[in-house]
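The values are calculated or read from the model by the stated rules, or taken from the named source; none is laboratory data. These figures come from a predicted structure and were not determined experimentally. Every residue, glycine as well, gets a Cβ built from its backbone with ideal geometry; the counts of neighbours run over all protein chains shown.
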Amino acid sequence: MFRPRPDSREATIAVEVEGRTVRVPAGASAAAAVLVAGLASIRDNPADGGTRAPYCMMGICFECLAEIDGVPNRQGCMVAARPGMRIRRQRGARSLAIE
Amino acid sequence: MRRFEFIVIGGGLVGTAIGYGLSRAGLTVALVDEGDVAYRASRGNFGLVWVQSKGLGAPHYQRWTRASAAAWPLLASELEARTGIAIGLEQRGGLQLCLSEDELATRRAVMQQMQREAGNFGFDYRMLDPAELAAMLPGLGQAVVGGSWTPYDGHANSLALFHALHQGFAANGGTYLPRSSVTEAFAAPHDFRIEAGGETIGAPAIVLAAGLGNASLAPLFGLSTPVRPQRGQILVTERTTKAWPIPLGSIRQTPEGTILLGSSEEEVGFDTGQNPQVMQKIARRAVLTFPWLAELQIVRAWAALRVMPPDGLPIYDESERFPGAFTANCHSGVTLAGAHANLFAPMVAQGALDPVLAPFSARRFDVPAAA
Amino acid sequence: MTVDLAIVGAGPAGMAAAALAAELGLDTLIIDEQDEPGGQIYRGGARAADPSPLGADYLAGRPLVAALHSSAARYRPATTVWHIDPVWHIDPAGPPAALLSLVSGGASETVAARRILVATGAIERPVPIPGWTLPGVMTAGAAQILLKTADLVPDGRCVLAGQGPLLYLVAQQLAAAGAPPVAVLETTPGENYLAATSCRVGELWAARRDLAKGLGLLFGLRRAAIPVRRGVRGLRALGRGRLEAVAWDGGEIAAEHLLLHEGVIPNIQISLGLQLAHQWDERELCWRPTVDQWGRTSLATVAIAGDGAGIVGAAAAALTGRLAALDAAALLGRIDLAERDRRAAPIRASLAREAAIQPFLAALYRPADNLFDPPDAVVVCRCEAVSAGQIRRAVRLGAPGPNQVKAFLRCGMGPCQGRVCGPLVGAVIAKARGVPLGEVETYRPRAPYKPITVGALAGLASR
């Protein structure tokens, strides 16, 4: 769980994290929103099922993979939070949605 | 000087399969390999155990491939029992899809010819129409006009196979000598010595299975292996849930859930660089085949060099000048692993190649004298 | 599009290079995967409060950003370079140039450039302690990025562990932001202090400003009453599904956050992908590309500036970026060599000052041996969950190096493509084989350097 610091910028961007509304300031990433939401983890690693959360926050470790606006496995730390963004945990391997 | 009953030069899929077969028979084997950074076709394969495209115009190759596919289940279960590594073999048939009527007509003709050439040996195949294919393959693209299926095709976790062969070899008491490229060689009938990795080792029999490296080694042992590099590039996607029941000739899903996309053939010499235009062609064909593939992320890609004999068929040979020297060369190290471990290795152990392999000798490349 | 100079990375080195290159008349393109310039060190600088809990040095990025925006350099944010062909001919009869494959917004395009400057900076050295994959364990840099970009601080008990200037800096920044850590666990081995004092007095004098800054940091922690433990060994993260406590030999403390830091190392993913010559740096204990004083590499069309060529810090990074821009301008005929050297002289003098502290820091904060030799059960490849023990078994099987180990175990095949585990796998193999760290090869990363969709590659824009 991360919280705004005292004197932080106003959290003007409202996003949904696992269906719950969370507010972050402009410039925050989707991964930051997940941390503010206080989720126990951001994904289940498909290799061993282990729960994982953001580690490097700079696009190197790929631990922050999340489903963002319906697209799976996006690096949450590299995606800027936008109003109305829907963020969900990445549950293991990508589910194929074939029409 | 350390002496062994067999030296196998080359620790890739071909060398380790042969080494595994020899060591399993209780023979002392030295498996000599180069370092970590090398051309290593064995790290760049697709993982198919593929029959339907093999041996057009060369029924002996068709039969050898079929024999290998038939030997594969036994090899896989034995390796799994011996090492605990899951090989993931599936042999429920395979499909080659066609994206134009021309492709389909050509494919049909190829299948018909394969069946004719198989004669009494038999070659079972079916041509499937888009409706039948769509029922089997979710999300099939409109661009697919048909395809060929045979029951003999399949796929396996080729990297697991590679790991298991190495582990099985060690478990059988084999001696693996990595980082030991051959620097000197001495050959005489049933008497071979090589200097590799700063050590000289000797054996009365030797097998050259060094892939592209064979071309320069072979003459030292009275053999000829005119192989050339042929580049192939593969794209690998993120892991997904299970997509298809069987593999295609150029699209398959690994047990981990990643999807491999191929195929390509480039004559660029010893260049393992990647070519975005070729990668684009592979991606385009994949998207035409299954439009939903467009959404998947490509996490990695590679280019590797196939070990390609002049006519594409394997080269198996034994030296006339230096009896006891053998060689195995092919670009289908996964498909032929069954044959290499369970058919070729026993032949070599007995000291002579079975006549069934005679058509694979490099003598076939000699220009015949005027009739 | 064809440009004179394509710069990959808009951190301090890239921004400084772009502004100067454009000023010298080079048609310059600077490409960065983030939405705003600044790299990591100056990330989020545009929105920062002034004063900022991150300190004055953080705001020093603003002039660089301003210079970039007011220059004639073309700036392409939110764009990823996924392949570079460094030997590509714009004109079949002409000298080799480079072709970059880019993807942005799901659409792929190519750009030709007469020269390339790779300025992708540094990454944190991986810290493979037991439990490091638990949610709640991050790098110190990650916490700093959250503070920079989102004004966020850890909620609950936060422990900082490791060594190096960034560790103390983040501790101070968190304290200034109202979230002082409950402990700083310093892992500096005792023998480092002796080695550090053997640095030449002249070097230390040249680095006096940085040394003073460092001492200031340490005193600041004491004033903030943040407990600092020294000589910590056996660090491990404990918890079921999430971090609950941090333990070490002789102690344990409840915590919801553990921020690790053991220094930074060059980000060599692209330089390895280009198959540039690299060398093992025994002083910094990392691989880095072999560059000359202008940043030139083993490939004629490619130069590297900033931390990606070797850790020099943000201020020095901007200076090496300018040197590379001068060299590019000379190579492309905009200025002659005499002018290049004349303009480079004062930059080199500043660079010598900025880089003076580095040998001292490298000696003082040299990672302990156990960082390269974790216990068997510790995960080394996070993506594919491959443990140190599995790697050692593969080495016993004879796997000659990381690429064969990768083939056997899949380490390095996951989404991060070996960025995090590369140094670790090499180190575990070296220790298992009993050879020096620099004797084991690196992974050989390939394109795409970052993921690209099948559709974008096929040339179709994705939804």
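Residue pairs whose Cβ atoms lie under 9 Å apart, separated by 6 or more positions or on different chains, with the first residue in the stretch C:157-180 and within 12 Å of chain A (Cβ to nearest Cβ) and the second aromatic (Phe, Trp, Tyr), are C:173/C:58. Looking across the stretch C:450-459 at every residue that is in a loop (DSSP other than H, G, I, E, B) and either at the interface with chain B (Cβ under 7 Å from one of its Cβ atoms) or crowded, with 24+ Cβ neighbours inside 10 Å (or both), the one that is modelled with the lowest pLDDT is identified as C:459. Residues of the stretch C:376-390 that are under 18 Å from residue C:434 (Cβ atoms) and surrounded by fewer than 22 Cβ atoms within 10 Å (Cβ to Cβ): C:376, C:389. Please verify whether the stretch C:265-272 includes one or more residues that are surrounded by fewer than 18 Cβ atoms within 10 Å (Cβ to Cβ) and of a type outside the set (D, E, K, R). Checked the stretch C:265-272: no residue is surrounded by fewer than 18 Cβ atoms within 10 Å (Cβ to Cβ) and of a type outside the set (D, E, K, R).
Just to be sure I understand the filter: pairs with C-beta atoms under 9 Å, separated by 6 or more residues or on different chains, first member in the stretch C:340-358 and part of a helix (DSSP H, G or I), second member among the basic types (Lys, Arg). Which pairs pass? Short answer, once both residue conditions are applied: C:343/C:322; C:344/C:322; C:347/C:322; C:353/C:209; C:358/C:283.
Here B:84, B:47 are screened, and the one residue that is within 14 Å of chain C (Cβ to nearest Cβ), in contact with a Pro (Cβ under 9 Å, 6 or more places away or on another chain) and under 21 Å from residue B:254 (Cα atoms) is B:47.
Evaluate the following for residue C:112: is it modelled with pLDDT of 95 or more, of a type in the set (A, V, I, L, M) and crowded, with 23+ Cβ neighbours inside 10 Å? No.
Given the residues A:59, A:49, A:76, which is the only one that is in contact (Cβ under 8 Å) with a residue 12 or more places away in the chain and under 9 Å from the mean Cα position of the chain (by Cα)? From the options A:59, A:49, A:76, the qualifying one is A:76.
In the stretch B:108-120, the residues that are closer than 12 Å to residue B:53 by Cβ form Cβ pairs under 8 Å with partners that are part of a helix (DSSP H, G or I) and modelled with pLDDT of 95 or more, at six or more places apart or across chains, as follows: B:114/B:62.
Looking for something at the interface with chain A (Cβ under 7 Å from one of its Cβ atoms) and under 19 Å from the mean Cα position of the chain (by Cα) - is there at least one such residue anywhere in the stretch C:148-155? Scanning the stretch C:148-155 turns up at least one residue that is at the interface with chain A (Cβ under 7 Å from one of its Cβ atoms) and under 19 Å from the mean Cα position of the chain (by Cα). When restricted to residues that are assigned to a helix (DSSP H, G or I), out of contact with any Leu (no Cβ under 8 Å at 6 or more places or on another chain) and without any contact (Cβ under 8 Å) to a residue 40 or more places away in the chain, the stretch C:402-421 contains 4. Yes or no: the stretch C:432-450 includes at least one residue that is farther than 30 Å from residue C:188 by Cβ and hydroxyl-bearing (Ser, Thr, Tyr). Among the residues of the stretch C:432-450, at least one is farther than 30 Å from residue C:188 by Cβ and hydroxyl-bearing (Ser, Thr, Tyr), which makes the answer yes.
Within the stretch A:26-51, how many residues turn out to be over 18 Å from residue A:5 (Cα atoms) and hydroxyl-bearing (Ser, Thr, Tyr)? Number satisfying all stated conditions: 2. Quick check: is even one residue across the stretch C:118-135 modelled with pLDDT of 95 or more, under 19 Å from the mean Cα position of the chain (by Cα) and more than 14 Å from chain A (Cβ to nearest Cβ)? Yes, the stretch C:118-135 contains at least one residue that is modelled with pLDDT of 95 or more, under 19 Å from the mean Cα position of the chain (by Cα) and more than 14 Å from chain A (Cβ to nearest Cβ). Among the residues of the stretch A:46-65, are any more than 8 Å from chain C (Cβ to nearest Cβ), surrounded by 18 or more Cβ atoms within 10 Å (Cβ to Cβ) and basic (Lys, Arg)? No, that holds for no residue. Of the residues making up the stretch A:66-99, those that are surrounded by 19 or more Cβ atoms within 10 Å (Cβ to Cβ), more than 8 Å from chain C (Cβ to nearest Cβ) and among the polar types (S, T, N, Q) are A:75, A:90. Looking at C:178, C:164, C:190, C:231, just one residue is more than 25 Å from residue C:48 (Cβ to Cβ), in contact with a strand residue (DSSP E or B) (Cβ under 9 Å, 6 or more places away or on another chain) and either at pLDDT 85 or above or aliphatic (A, V, I, L, M) (or both), and that residue is C:231.
The strands (runs of 3 or more DSSP E) located wholly in the stretch A:1-96 that include 3 or more residues which are among the hydrophobic types (A, V, I, L, M, F, W, C) and farther than 25 Å from residue C:157 by Cβ occupy A:13-17, A:65-68.
The number of residues in the stretch C:79-98 being touching a residue at least 12 places away in the same chain (Cβ under 8 Å) and either of a type in the set (Val, Ile, Thr) or surrounded by fewer than 15 Cβ atoms within 10 Å (Cβ to Cβ) (or both) comes to 8. Just so you know, in the stretch C:74-98 the residues that are of a type in the set (Ser, Thr, Tyr) and within 18 Å of residue C:451 (Cβ to Cβ) include one that is nearest to the other protein chains (Cβ to nearest Cβ), and it is C:80. Any chance the stretch C:104-111 includes a residue that's in contact with a Gly (Cβ under 8 Å, 6 or more places away or on another chain) and part of a loop (DSSP other than H, G, I, E, B)? Looking through the stretch C:104-111, at least one residue is in contact with a Gly (Cβ under 8 Å, 6 or more places away or on another chain) and part of a loop (DSSP other than H, G, I, E, B).
State yes or no: is residue C:435 in a loop (DSSP other than H, G, I, E, B), more than 9 Å from chain B (Cβ to nearest Cβ) and out of contact with any Gly (no Cβ under 8 Å at 6 or more places or on another chain)? Yes: the conditions hold for residue C:435.
For every residue, the table says whether it meets (1) within 12 Å of residue C:152 (Cβ to Cβ); (2) surrounded by fewer than 19 Cβ atoms within 10 Å (Cβ to Cβ); (3) of a type outside the set (Gly, Ala, Ser); (4) more than 10 Å from chain C (Cβ to nearest Cβ).
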position: A:2; (1), (2), (3), (4): yes, no, yes, no
position: A:9; (1), (2), (3), (4): yes, yes, yes, no
position: A:16; (1), (2), (3), (4): no, yes, yes, yes
position: A:30; (1), (2), (3), (4): no, no, no, yes
position: A:33; (1), (2), (3), (4): yes, no, no, no
position: A:36; (1), (2), (3), (4): yes, no, yes, no
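Just one of the listed residues (C:71, C:101) is away from chain A (no Cβ under 12 Å), among the polar types (S, T, N, Q), touching a residue at least 40 places away in the same chain (Cβ under 8 Å) and surrounded by fewer than 24 Cβ atoms within 10 Å (Cβ to Cβ), namely C:71. Screening the stretch B:260-357 for strands (runs of 3 or more DSSP E) wholly inside it with 1 or more residues that are surrounded by fewer than 24 Cβ atoms within 10 Å (Cβ to Cβ), within 16 Å of the chain's Cα centre (by Cα) and not β-branched (Val, Ile, Thr) returns the ranges B:297-308. Would you be able to say whether some residue in the stretch B:2-9 is within 14 Å of chain C (Cβ to nearest Cβ) and at pLDDT below 95? No.
Scan the stretch B:155-166 and tell me whether some residue there is in a loop (DSSP other than H, G, I, E, B) and either under 22 Å from residue B:18 (Cβ atoms) or of a type outside the set (Val, Ile, Thr) (or both). Within the stretch B:155-166 (the criterion being in a loop (DSSP other than H, G, I, E, B) and either under 22 Å from residue B:18 (Cβ atoms) or of a type outside the set (Val, Ile, Thr) (or both)), the answer is yes, since at least one residue qualifies. If you check residue B:219 against the conditions, is it under 23 Å from residue B:330 (Cβ atoms), more than 10 Å from chain C (Cβ to nearest Cβ), within 25 Å of the chain's Cα centre (by Cα) and without any contact (Cβ under 8 Å) to a residue 40 or more places away in the chain? Here the answer is yes, as residue B:219 does meet what is asked.
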